[in-house]
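S.K.: Below is the structure I would like to discuss, written out as structure tokens.
The values are calculated or read from the model by the stated rules, or taken from the named source; none is laboratory data. Since the model is a prediction, treat every value here as computed from it, not as a measurement. Glycine gets a Cβ as well: all are built from the backbone with ideal geometry, and neighbour counts include every protein chain shown.
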Amino acid sequence: MSTVESRRRPLVGAGVNRVDGPRKVTGTAPYPMDFSVPGQAYGALVQSTIAAGRIVRMHTEAAERAPGVIGVLTHENAPRVGTGPVTVLGASPPAPLRNDRIVHHGQHIAFVVAETPEQAGAAARLVRADYEATEPLLDLQDPRAEHLVDPWGMDTSRGDTAAAMASAEVTLRATYTTADNTHNPLGLFATLAAWEGDTLTVHDTSQWPSMVRTSLAMAFGIPESSVRVLVPYVGGGFGAGLRAWPHVILTAMAARVLRRPVKLVLTRPQMFTSVGHRPSGVQWLRVGATRDGELLVLNHRSLISLSMEDNDYEPFASATAFAYRCPNVITQDRQARINIAVPTSMRAPAEAQGNFALESALDELAYTLGMDPVELRLRNHTDVDPRNGLPWSGKALLECYEVGARRFGWSRRNPRPRSMRDGNWLVGYGMASALFPYFAQPCAAQATVRGDGSALVRSAATDIGTGTYTVMAQLAAEELGLPLDMVRFDLGDSDMPNSMMAGGSGLTGALGNAVHDACRRLVRSFTELAWASPESPLRGVPPDDVQCTGGTIHPVGRPDLGESYVEILARHELSELTANGKSSPPVPEELGMSLAGAYGAKFVEVRVDADLGLLRVARVVSVIDGGRILNEKTARSQIIGGTVGGIGMTLFEDTVTDPHTGRIANATFGDYLVAVNADVPELDVVFVGEPDRGTATGTKGVGEVGLVGIAPAIANAVYHATGKRIRQLPITLDALL
Ligand code: MOS
């Protein structure tokens, strides 16, 4: 490509390499556990060995006498702290060490601080507790379990499901179960807390530094301006970083009480009990249809596991209310309080599980009707939101089916189960639709151009590996008319303008809009400065009629009449110029549209060993309507990552709780299996569709839609290969024998 062409090629959309890539692969990107401050001590957690009951007495004397120990906090001597905010995920986890009550195995019951991490760990093993144990509730279907009932009013009831079911020509009833999964980012979660008087600085593994700041301010009763939370690199999150966890509060509490900076790095087993997990659940589906495949009834109910003392909210069935055109719909989600560690959002929370049930049931219905599964979905496609009749802001799902079926070679499928074979391998083709609803929260950003013509843009966001550093730099560079290497985007500091969480697949769109706004305002400020100067070539040019190219502001189409940022700053004797921007979520009522979110169609080929039941995923084609794609490379990586997560969820991931003790039995990387390279075939990812009409950046969000649909597409392919309908995740070998 010639220089001229490469300069013309738009920055946004291009598959630009990660700007943080070199720092990551050379080991110079500091993750939370890499930070240290002078004089820091080290913390270690002591965890409950019962799942329910109370602590009668703590024995800390041996630990207190152990080498290097500075202090031991228990509920008997810990200061009381306040509870954090209610966020979009529900109430904050309860404050640590506040009473003698035990509600799950692995609950933090003491915090030991010592001069070295080894001393802290050794002393933590010397702490003993006398318990008064009670029988734990560990089965989510235990009738004694209290239910949290629809705290946010997401349950749906539309039409007359009973009457429609009675008149349906074809009906189907099925129960699906999904396991607990644990996020397991590679980076162990770490917190480093340092106080200076009443001012607190914290390094923390978080996807949402502003929320951690609020939580710490509320815990210690200090103003938010006295708390600074830093996380320039996260080390993976998958949702585990969306909370201010009790260990974060504990670390800051210990640092305050002991007047020493304290650092805590969780162990891998502690990652299973301390930073959330995907909750298990049971789903009951009842479907009614006409003989030619028109859906008349979807009745989707779930029971989901929840811990005793928090209100994490994860409505599995809710997306069934708008996935298809169907006049009579019930969705109902109930959460059962049992003695497990706190669950939280994990990689397409709710949609991943709900979509497994719905898309499996539709495959079952297709077989009952003798209809192609793609055809069944085409017949029930809707271009309006069935909840309110408004058109979707953008939905290229029909194109997803068409392109996916073609690339995959769906027409080669003989629909009869066990009909396709390759030697001893039973071959199966399966497909599923996927959606992930639109999500956004308010965001703010600040843009500065400095005397050397370079730009610095910032916001208190995080980059959990999704490409925030890169994509925001691309957006700013394009808006400011600067080459990418003249723009730096900084994040991961709660002192920067507020950002939303890196979650819900929403950050790129919402923050991108705020970055755009900041950059537009900055260009305007420069133009207005120039406008006022008699010597400026821009004098008299209306600020709306300019564009920026190569660091120069000029009338539209006239780069020869421009003036550079550097020249304007110099004339006004300014070292830099700054502007602030913000964004708020679009309002569907004002748009007259329903915000669509992302859609996709997933096509999967599996191979099942006819004798051994060994299941391999052989091919995956993902066709995604992600709206406007801001960076083709990082967006594709998102879908690939989601697909790998989906394969793990479907074939391996299962956090096993001992049904008697409540102890997690496989809390190591040796025992908790995730998908590795050998489990993942070549993944075909295609983006289709148009920029979304309802969002300022045209994006829909392309994180979690990559995972949704993989589980049912695999399960449906397994049915096609073997004739066995597996209604539980993970699909293990024993189920196929
Ligand atoms: Mo994601 S579960 O919204 O980090």
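S.K.: How do the pairs read when you match residues in segment 326-350 that are without any contact (Cβ under 8 Å) to a residue 60 or more places away in the chain with residues anywhere that are within 16 Å of the ligand (Cβ to nearest atom), using Cβ under 6 Å and keeping only pairs 6 or more apart or on different chains?
M.R.: Ala350/Glu314; Ala350/Pro315; Ala350/Phe316
S.K.: Identify, please: which residue in segment 605-628 is assigned to a loop (DSSP other than H, G, I, E, B) and surrounded by fewer than 24 Cβ atoms within 10 Å (Cβ to Cβ) and is, among those, nearest to the chain's Cα centre (by Cα)?
M.R.: First, the residues of segment 605-628 that are assigned to a loop (DSSP other than H, G, I, E, B): 610-614, 626, 628.
Within this subset, residues satisfying the condition of being surrounded by fewer than 24 Cβ atoms within 10 Å (Cβ to Cβ) are 610-614, 628.
Values: Ala610: 37, Asp611: 38, Leu612: 36, Gly613: 33, Leu614: 31, Arg628: 20 Å.
Only one residue tops the list, namely Arg628.
S.K.: Now a separate question. Within the group Arg347, Arg337, which residue is more than 12 Å from the ligand (Cβ to nearest atom) and of a type outside the set (Ser, Thr, Tyr)? Show your work before the answer.
M.R.: Numbers: Arg347 fails: more than 12 Å from the ligand (Cβ to nearest atom).
So the residue among Arg347, Arg337 that is more than 12 Å from the ligand (Cβ to nearest atom) and of a type outside the set (Ser, Thr, Tyr) is Arg337.
S.K.: Restricted to segment 547-570, and to residues that are within 17 Å of Thr448 (Cα to Cα) and touching an Asp or Glu at 6+ places or on another chain (Cβ under 8 Å), which residue is surrounded by the most Cβ atoms within 10 Å (Cβ to Cβ)?
M.R.: Applying the filter and picking the extreme gives Ile553.
S.K.: If you don't mind, there's one more thing I want to ask. Quick check: is even one residue across segment 540-563 at pLDDT below 95, under 30 Å from Gly642 (Cβ atoms) and of a type in the set (A, V, I, L, M)?
M.R.: Within segment 540-563, not a single residue is at pLDDT below 95, under 30 Å from Gly642 (Cβ atoms) and of a type in the set (A, V, I, L, M).
S.K.: Considering only residues that are closer than 24 Å to Gln353 by Cβ and not in a loop (DSSP other than H, G, I, E, B), which ones fall in segment 151-171? Reasoning before the result, please.
M.R.: Filtering segment 151-171 down to residues closer than 24 Å to Gln353 by Cβ leaves 151-158, 161, 165, 171.
Answer for segment 151-171, where residues must be closer than 24 Å to Gln353 by Cβ and not in a loop (DSSP other than H, G, I, E, B): Thr156, Ser157, Arg158, Thr161, Met165, Thr171.
S.K.: Could I ask something else about it? Taking Ser393 as the residue in question, decide whether it is in contact with a strand residue (DSSP E or B) (Cβ under 9 Å, 6 or more places away or on another chain), over 25 Å from Arg725 (Cα atoms), within 16 Å of the ligand (Cβ to nearest atom) and at pLDDT 95 or above.
M.R.: Details: in contact with a strand residue (DSSP E or B) (Cβ under 9 Å, 6 or more places away or on another chain): yes; over 25 Å from Arg725 (Cα atoms): yes; within 16 Å of the ligand (Cβ to nearest atom): no; at pLDDT 95 or above: yes.
Here the answer is no, as Ser393 does not meet what is asked.
S.K.: Scan segment 223-252 residue by residue and report those that are away from the ligand (no atom under 16 Å from the Cβ) and either polar (S, T, N, Q) or touching a strand residue (DSSP E or B) at 6+ places or on another chain (Cβ under 7 Å) (or both).
M.R.: Correct list: Ser225, Ser226, Val227, Arg228, Val229, Leu230, Pro246, His247, Val248, Leu250, Thr251, Ala252.
S.K.: Of these, Ala174, Ala194, Ala217, Ala133, which one is touching an Asp or Glu at 6+ places or on another chain (Cβ under 7 Å), surrounded by fewer than 24 Cβ atoms within 10 Å (Cβ to Cβ) and more than 29 Å from Phe356 (Cβ to Cβ)? Write out each step before concluding.
M.R.: Working: Ala174 fails: more than 29 Å from Phe356 (Cβ to Cβ); Ala194 fails: touching an Asp or Glu at 6+ places or on another chain (Cβ under 7 Å); Ala133 fails: touching an Asp or Glu at 6+ places or on another chain (Cβ under 7 Å).
When all the criteria are applied, what remains is Ala217.
S.K.: Looking at segment 198-248 only, could you name the residues that are hydroxyl-bearing (Ser, Thr, Tyr) and touching a residue at least 12 places away in the same chain (Cβ under 8 Å)?
M.R.: Residues of segment 198-248 that are hydroxyl-bearing (Ser, Thr, Tyr), as a first pass: 199, 201, 205-206, 210, 214-215, 225-226, 233.
Selection gives Thr199, Thr201, Thr205, Ser206, Ser210, Thr214, Ser215, Ser226, Tyr233.
S.K.: Out of Ala460, Ala440, I need the residue that is more than 16 Å from the ligand (Cβ to nearest atom), in contact (Cβ under 8 Å) with a residue 12 or more places away in the chain and crowded, with 20+ Cβ neighbours inside 10 Å. Which one?
M.R.: Working: Ala440 fails: more than 16 Å from the ligand (Cβ to nearest atom).
Result of the check over Ala460, Ala440: Ala460.
S.K.: Run Leu186 past the list (1) within 16 Å of the ligand (Cβ to nearest atom); (2) of a type outside the set (Ser, Thr, Tyr); (3) crowded, with 22+ Cβ neighbours inside 10 Å and report the number of the one that doesn't hold.
M.R.: (3)
A quick yes/no check of all residues on (1) more than 16 Å from the ligand (Cβ to nearest atom); (2) in contact with a His (Cβ under 7 Å, 6 or more places away or on another chain); (3) part of a helix (DSSP H, G or I):
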| residue | (1), (2), (3) |
| --- | --- |
| Met500 | no, no, no |
| Gly503 | no, no, no |
| Arg521 | yes, no, yes |
| Ala530 | yes, no, yes |
| Pro537 | yes, no, no |
| Val541 | yes, no, no |
| Asp544 | yes, no, yes |
| Cys548 | yes, no, no |
| Ile568 | yes, no, yes |
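S.K.: Related question: Filter segment 570-591 for residues that are more than 17 Å from Val487 (Cα to Cα) and assigned to a strand (DSSP E or B); which is nearest to the chain's Cα centre (by Cα)?
M.R.: Going through segment 570-591, the residues more than 17 Å from Val487 (Cα to Cα) turn out to be 570-574, 582-591.
In the following step, the residues that additionally are assigned to a strand (DSSP E or B) were identified as 582-583.
Values: Lys582: 22, Ser583: 20 Å.
Selected residue: Ser583.
S.K.: Could you list, ordered by first residue, the pairs with Cβ atoms under 6 Å in which the first is in segment 540-554 and farther than 11 Å from Glu528 by Cβ and the second is of a type in the set (Ser, Thr, Tyr), at least 6 apart or interchain?
M.R.: Hits for this filter: Gly551/Ser564; Gly551/Tyr565; Thr552/Ser564.
S.K.: Taking only segment 318-354 into account, find how many residues are closer than 18 Å to His381 by Cα and part of a loop (DSSP other than H, G, I, E, B).
M.R.: Residues flagged as closer than 18 Å to His381 by Cα and part of a loop (DSSP other than H, G, I, E, B) within segment 318-354 amount to 6.
S.K.: Select, from Ala502, Ala518, the only residue that is out of contact with any Leu (no Cβ under 9 Å at 6 or more places or on another chain), among the small types (Gly, Ala, Ser) and buried (at least 24 other Cβ atoms within 10 Å of the Cβ).
M.R.: Numbers: Ala502 fails: out of contact with any Leu (no Cβ under 9 Å at 6 or more places or on another chain).
Testing whether each residue is out of contact with any Leu (no Cβ under 9 Å at 6 or more places or on another chain), among the small types (Gly, Ala, Ser) and buried (at least 24 other Cβ atoms within 10 Å of the Cβ) leaves just Ala518.
S.K.: When the residues of segment 359-383 are narrowed to those that are surrounded by fewer than 24 Cβ atoms within 10 Å (Cβ to Cβ) and among the aliphatic types (A, V, I, L, M), which ends up nearest to the ligand (Cβ to nearest atom)?
M.R.: Ala361
S.K.: Which of the residues belonging to segment 188-217 are under 25 Å from the mean Cα position of the chain (by Cα) and of a type in the set (A, V, I, L, M)? Break it down into steps so the answer makes sense when it comes.
M.R.: Narrowing segment 188-217 to residues under 25 Å from the mean Cα position of the chain (by Cα): 188-192, 202-217.
Correct list: Leu188, Ala190, Leu192, Val202, Met211, Val212, Leu216, Ala217.
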